[in-house]
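All of the numbers you see were taken from the coordinates with simple rules; none came from a lab. Since we're looking at a predicted model, the values are computed, not measured. As a convention, Cβ positions derive from the backbone with ideal geometry for all residues, glycine included, and neighbour counts pool all protein chains shown.
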Amino acid sequence: MEFTVQQIAELLKGKIEGDSTVTVSTLAKIEEAQQGALAFLSNPKYEPHLYTTNASAVIVAEKLELKKPVNTALIRVPDPYSSFSTLLQYYQAAIMASKTGVEDPSFIGNNSHIGDGHYRGAFSYIGSNCKIGDNVRIFPQAFIGDNVQIGDNTTIFAGAKLYANTVVGNNCTIHAGAVIGSDGFGFAPQPDGSYNAIPQIGNVVLEDEVSVGANTTIDCATMGATVIRKGTKIDNLVQIAHNVEVGAHTVIASQSGVSGSSKIGKHCVIAGQVGIVGHISIADKTTVGAQSGVSKSVKESGTIIQGSPAFDYKQNLRALTVFRKLPELQRDLEALKAGK
Amino acid sequence: MEFTVQQIAELLKGKIEGDSTVTVSTLAKIEEAQQGALAFLSNPKYEPHLYTTNASAVIVAEKLELKKPVNTALIRVPDPYSSFSTLLQYYQAAIMASKTGVEDPSFIGNNSHIGDGHYRGAFSYIGSNCKIGDNVRIFPQAFIGDNVQIGDNTTIFAGAKLYANTVVGNNCTIHAGAVIGSDGFGFAPQPDGSYNAIPQIGNVVLEDEVSVGANTTIDCATMGATVIRKGTKIDNLVQIAHNVEVGAHTVIASQSGVSGSSKIGKHCVIAGQVGIVGHISIADKTTVGAQSGVSKSVKESGTIIQGSPAFDYKQNLRALTVFRKLPELQRDLEALKAGK
Amino acid sequence: MEFTVQQIAELLKGKIEGDSTVTVSTLAKIEEAQQGALAFLSNPKYEPHLYTTNASAVIVAEKLELKKPVNTALIRVPDPYSSFSTLLQYYQAAIMASKTGVEDPSFIGNNSHIGDGHYRGAFSYIGSNCKIGDNVRIFPQAFIGDNVQIGDNTTIFAGAKLYANTVVGNNCTIHAGAVIGSDGFGFAPQPDGSYNAIPQIGNVVLEDEVSVGANTTIDCATMGATVIRKGTKIDNLVQIAHNVEVGAHTVIASQSGVSGSSKIGKHCVIAGQVGIVGHISIADKTTVGAQSGVSKSVKESGTIIQGSPAFDYKQNLRALTVFRKLPELQRDLEALKAGK
């Protein structure tokens, strides 16, 4: 895709300085941009790059006063960052929009229906009795089991796996290799010390605008549903166990894990590599620091915790500060005991 | 699948109260059940739900005395939980049994043999010289490399990958995205600071009744075998490194990792997000608490450890209790030093 | 593949003792070797196995003096370990070399080119406008998105996924289930508490001789590139976030994670289950101990850190030693306060 500076300026309702016929074909940071790229300048700290950049065009603020001559076309707008974000959205939407149609071979089972404007990549698999909405993109080698429901405008990237009976809302994104609906880890110990698998007949429900990262795993419920509520964003390599419920607009960073039947509130922020034990509740707007281990329920909204086991993050920080000095503390204590 | 209350009662040798012609098509928890569902009541705490449930039928104890009228058919049995578990087993077996035959296209290499009653999903791949038993289900996009052996009644879910030479026993379950037999992480440092890969020519052996979770990785041995013994259950996103041996009937929870050449005993419980260093031995019946880091061998059977590095869990708990009060300890010590 | 002891000895320029016509078809450890296997003896600790081994042949040192009669052919060389490593390399190369040609069905998009001597497994997918070098092996169900570039002699194992625009160098190995180029985890909070995805239009660049473990995830840059430099080896289930740069010849062990925009130096060793926060720099030759949490930049080359949060590993060890005795410290302090 190639656009002239003129076309970009019209889209952004910006004013051009320099050559309006120059073409750009990609977006880049001002400090890395090469010929053919369009960059932006928002933070004044980066202004020196404006005078040395190889970008073919730069979006700048209306009010910016040039301190030196520039070798690039300028597009002046009220808010360069916002205009650039708009272009990023267009750019990504254009790439995605190009993915339509059905590549051969792909598989679709009996009695399954998929709406208009869809993409089904080669080697993608859709089981029987599935209901899939409009403008859904199913990339190559993705697996959609029997009886799965998927809303409109959802994208399932390459090799993601949705077990039978999974329900996915509108505008969801499921990244490559994610596994949704695998068996919960439930085993009944037997008198001889062996384990029998407890059948896991529930499913997973993802509401609208949910994002699931690459190679993340979300287990189905033993009975009922494991539920991820509207707008929640889950990063890569996260584990969500059976019967967990994650509230709306919560963010869970990479490599964190939530054990069975725990309920996480809405608008929470769970940092990376956090572990949350089973059968507890985390209040709305809770923040959990990285590598924490949450061993009991959080009852008050807005709580910030850290540590393994996790407690109040300020108290934890103070304790960690003393932890480093433990050898000196011990020495001082021994001296006092010896009467020195 | 739809059954009448009459049919269910005959299967469970139960006594019906209410309409024996009502049909049920799914199983549910009593507090969540809708029309068409069969639920059970075992824990007396849940009895109030019996009088309000929308379930079409509920399995209850023979001796239960109703305190109010009910709107649901009842099936009376000696042990409702056990009867319900039986139904869960039937239900899951019925779903699995429906997966038979071969979907097109699928791939099978030269000189490979697969037994009776199998399922091979579309886009599944079986290499050359494989020996696969009876009633094996290989879901879509699963990969079985050359020279792989698989026993009877084993299920390989969608997109699981078994590298060449892997050996899998009877009645195993390998969930979606699991990778069995990838190269061990072995690199020989060179004089110039670069690394040369050490060829990894061993394999992975899973004995009977082993379960491997979604997106878990088990590396092949450098030489010889990485071995998971009979009945051991491994959760999602677990890492098992080269030449590890995990004993029989051990449970390893999600996101734990075992480094190269370590040996874990039988009947152990490894909680979530645990790390175990390489070249150590963990005694039988050891329990390792969540997020622990096991840095040395555990010699005594039945040991319970916790922490990073891990030591006796009671001692660890006591130390953690004081850890939170470190700022106060430091203050008290300073006061004593100042002679106050 | 079967070779006579004569053939092996010629390859290694070794001297035979015993039957030079015996054949071997596999390599094994001396303590585990069965008939038909070739083993080696380097460490004198293992010498007793030489007199009991079932190996058909053993590579031994020129100078070794036998203390008992042996039942196996011997091949004498100056350095048995080095000779055996050479054989391992040959063995693995021979297995890999047998993978050539194209299995049906596989998919290749418009305007994509792949060099000589390649293997494309069944159900592998190559998008449009890809440039792929010579002797590249793409295993079944691997996904190569549009505009991907791959150098010579690189192997992409089963089901690995390379998103569009990924660049991979020569002699790289990407293991099964790895995901390269998934969206960075970037979401802009909105006034109503929901999140909007920030388009991620950058890519991932892997330089030459990079190894990526099974089910590892490497996110694309928001703009620009996430870069893994020459010779770096990444283990299984590792997370590399958007815009990270990992220097040359660095090793990252399993289940570690690096957050967005951090820069890791060259010749570093990152042990397992480590977390590194975003927007920091780690100096060259830094060693980070297992399960550490690195919360700030490391400025000095050669630093060794440990702990969560991580600091000097010796200081950390000393603090951990006192940590275990905290209950006793508290008791002593209370006694002093009470004037005892």
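Only loop residues by DSSP count here, and only those with at most 16 other Cβ atoms within 10 Å; note down the trypsin sites (Lys or Arg not before Pro) in the stretch A:59-90 that meet that. Spell out each step's value before the answer.
Values: sites: A:Lys63, A:Lys67, A:Arg76; in loops: A:Lys63, A:Lys67.
Of the trypsin sites (Lys or Arg not before Pro), the ones in loops of the stretch A:59-90 whose Cβ has at most 16 other Cβ atoms within 10 Å are A:Lys63, A:Lys67.
Using a label position 7 Å from Cα in the Cα→Cβ direction, what is the ascending list of nm distances from B:Lys299 to the same site in the other copies?
Label point to label point, same position, other copies: 4.6, 4.6 nm.
Can you tell me what share of the DSSP beta bridges in the stretch A:1-74 is antiparallel? A percent to the nearest 5 is fine. List each step's numbers first, then the result.
Working: 3 of 10 bridges.
Expressed as a percentage, antiparallel bridges in the stretch A:1-74 total about 30.
How high is the FRET efficiency from A:Gln35 to C:Val102, r the C-beta distance, R0 45 Å, rounded to 0.05?
Values: r = 38 Å, r/R0 = 0.85.
Here the calculated transfer efficiency is 0.75.
Given the rule -39500 (n - 2.57) for each run of at least 4 DSSP H residues, summed and divided by the residues of chain C, what is its mean residue ellipticity at 222 nm, to the nearest 500 deg cm²/dmol?
On the way: 5 runs with 53 residues, N = 340.
The helix-only estimate for chain C comes to -4500 deg cm²/dmol at 222 nm.
What ranking of A:Thr173, C:Thr154, B:Thr21, A:Thr226 emerges when the number of other C-beta atoms within 10 Å of each C-beta is taken as an exposure proxy, fewest first?
Numbers: A:Thr173 21, C:Thr154 24, B:Thr21 9, A:Thr226 28.
The most exposed by this proxy come first: B:Thr21, A:Thr173, C:Thr154, A:Thr226.
When only C-alpha pairs under 8 Å and at least 6 residues apart count, what is the relative contact order of the stretch B:254-329, in percent?
RCO, the stretch B:254-329: 22 percent.
Just to confirm the filter: which GluC sites (Glu not before Pro) across the stretch C:249-340 are DSSP coil and have at most 15 other Cβ within 10 angstrom of their Cβ? All intermediate terms of the calculation are to be shown ahead of the outcome.
On the way: sites: C:Glu300, C:Glu328, C:Glu334; in loops: C:Glu300.
Within the stretch C:249-340, the qualifying GluC sites (Glu not before Pro) (loop, at most 15 other Cβ atoms within 10 Å) are C:Glu300.
Once fully extended, how much extra length lies between A:Lys337 and A:Thr23, figured as 0.36 nm per residue of separation less the alpha-carbon to alpha-carbon distance?
Details: separation 314, 0.36 × 314 = 113.04 nm, distance 7.93 nm.
Additional length available on full extension: 105.1 nm.
Can you compute 3J(HN,Hα) from phi for each residue in the stretch C:115-126, using the Karplus curve 6.51 cos²θ - 1.76 cosθ + 1.60 with θ = phi - 60°, rounded to whole Hz and x for Gly and Pro?
x, 6, x, 8, 10, 10, x, 4, 6, 6, 10, 10
Based on the Cβ-Cβ distance from A:Thr86 to C:Asn111, what FRET efficiency comes out when R0 is 35 Å, to the nearest 0.05?
Details: r = 30 Å, r/R0 = 0.87.
The computed FRET efficiency comes out at 0.70.
Is the shape of the protein assembly as shown best called rounded, prolate or oblate, per the rule: a/c under 1.5 gives rounded, else a/b larger than b/c gives prolate, else oblate, with a ≥ b ≥ c the square roots of the Cα gyration tensor eigenvalues? Show your work: numbers first, answer last.
Numbers: a/c = 1.07, a/b = 1.00, b/c = 1.07.
Note, shape of the protein assembly as shown comes out rounded.
Starting from the Cα of B:Ile95, step 7 Å along the direction of its Cβ; do the same at A:Asn43; then give the gap between the two resulting points in nm.
4.9
Mind checking the mean number of beta-carbon atoms from other chains within 10 Å of the Cβ atoms in A:147-157? Each step should come with its number before you reach the end.
Details: counts 0, 0, 0, 0, 0, 0, 0, 0, 0, 0, 7.
Per residue, the average neighbour count from other chains is 1.
Between copies, how close do the B:Gly36 label points come, placed 7 Å along Cα→Cβ, listed in nm from shortest?
5.6, 5.6
Note down the nm distance, to one decimal, between modelled labels 7 Å out along Cα→Cβ at B:Gln7 and at B:Arg324.
5.5
Taking the label point 7 Å from Cα in the Cβ direction, how far apart in nm is C:Lys337 from each other copy of itself, listed shortest first?
Reported distances to equivalent positions: 1.7, 1.7 nm.
Which of C:Leu317, C:Leu237, A:Leu326 comes first, and how do the rest follow, when ranked by fewest Cβ neighbours within 10 Å?
Details: C:Leu317 14, C:Leu237 32, A:Leu326 23.
Going from least to most buried by this count: C:Leu317, A:Leu326, C:Leu237.
Please report how far the C-alpha centroid of the stretch A:8-45 lies from that of the stretch B:265-340, rounded to the nearest whole angstrom.
Taking the Cα centre of each part, the stretch A:8-45 and the stretch B:265-340 sit 56 Å apart.
Let me know the shape class of the stretch B:189-340, please: from the alpha-carbon gyration tensor, a ≥ b ≥ c as square roots of the eigenvalues, rounded when a/c is under 1.5, otherwise prolate if a/b is greater than b/c, or oblate.
Working: a/c = 2.94, a/b = 1.77, b/c = 1.66.
Prolate shape, in that a/c is at least 1.5 and a/b is the bigger ratio.
Name the residues whose placed amide hydrogens come within less than 5 Å of the amide hydrogen of C:His118, ignoring near sequence neighbours (fewer than 5 apart) on the same chain.
Here C:Gly101, C:Asn135, C:Val136 satisfy the definition.
What shape does chain C have by the C-alpha gyration tensor, where a ≥ b ≥ c are the square roots of the eigenvalues, rounded means a/c under 1.5, and otherwise prolate means a/b greater than b/c and oblate the rest? Walk me through the numbers before you get to the answer.
On the way: a/c = 2.91, a/b = 1.19, b/c = 2.45.
Because a/c hits 1.5 or more and a/b fails to exceed b/c, chain C counts as oblate.
How high is the relative contact order of the stretch A:175-259, given as a whole-number percent (alpha carbon pairs under 8 Å, six or more residues apart)? Mind showing how you got there, number by number?
On the way: 245 pairs, mean separation 22.8, N = 85.
Answer for the stretch A:175-259 is 27 percent.
Show which lysines lie in cross-link reach of A:Lys67 when reach means a straight Cα distance below 17 angstrom and same-chain residues fewer than eight apart are skipped.
A:Lys45
Per residue of the stretch B:235-251, in order, report the coupling 6.51 cos²θ - 1.76 cosθ + 1.60 (Karplus, θ = phi - 60°) as ³J(HN,Hα) in whole Hz, putting x for Gly and Pro.
Here the 3J(HN,Hα) series is 7, 6, 6, 8, 10, 10, 7, 4, 6, 6, 10, 10, x, 5, 6, 9, 10 Hz.
Between the stretch B:91-159 and the stretch A:135-164, what is the C-alpha centre distance in whole Å?
22
Defining a contact as two alpha carbons under 8 Å apart and six or more residues distant in sequence, what relative contact order in percent does chain B show? List each step's numbers first, then the result.
On the way: 960 pairs, mean separation 21.1, N = 340.
6 percent.
Using the Cα atoms as the points, what is the convex hull volume per residue of the stretch A:213-279 in Å³?
On the way: hull volume 4.2 nm³, N = 67.
Output value, Cα hull per residue: 62 Å³.
Which order do B:Arg331, C:Arg120, A:Arg324 fall in if you start with the one that has the fewest other Cβ atoms within 10 Å? Write out the running numbers ahead of the final one.
Values: B:Arg331 12, C:Arg120 27, A:Arg324 16.
Ordered by Cβ neighbours within 10 Å, fewest first: B:Arg331, A:Arg324, C:Arg120.
For B:Ile150, enumerate residues with amide H under 5 Å from its amide H, sequence gap 5+ or separate chain, H modeled in the peptide plane.
B:Lys131, B:Ile132, B:Gly133, B:Val168
Rounded to the nearest 5, what % of the DSSP beta bridges within the stretch B:107-253 are antiparallel ones? Intermediate results must be reported in sequence, preceding the final value.
Values: 3 of 42 bridges.
Counting DSSP beta bridges with both partners in the stretch B:107-253, the antiparallel share is about 5 percent.
Can you list the residues, at least 5 places off or on another chain, whose amide H is less than 5 Å from the amide H of C:Ile218, using H built in the peptide plane?
C:Val179, C:Ile180, C:Gly181, C:Ser182, C:Ile240
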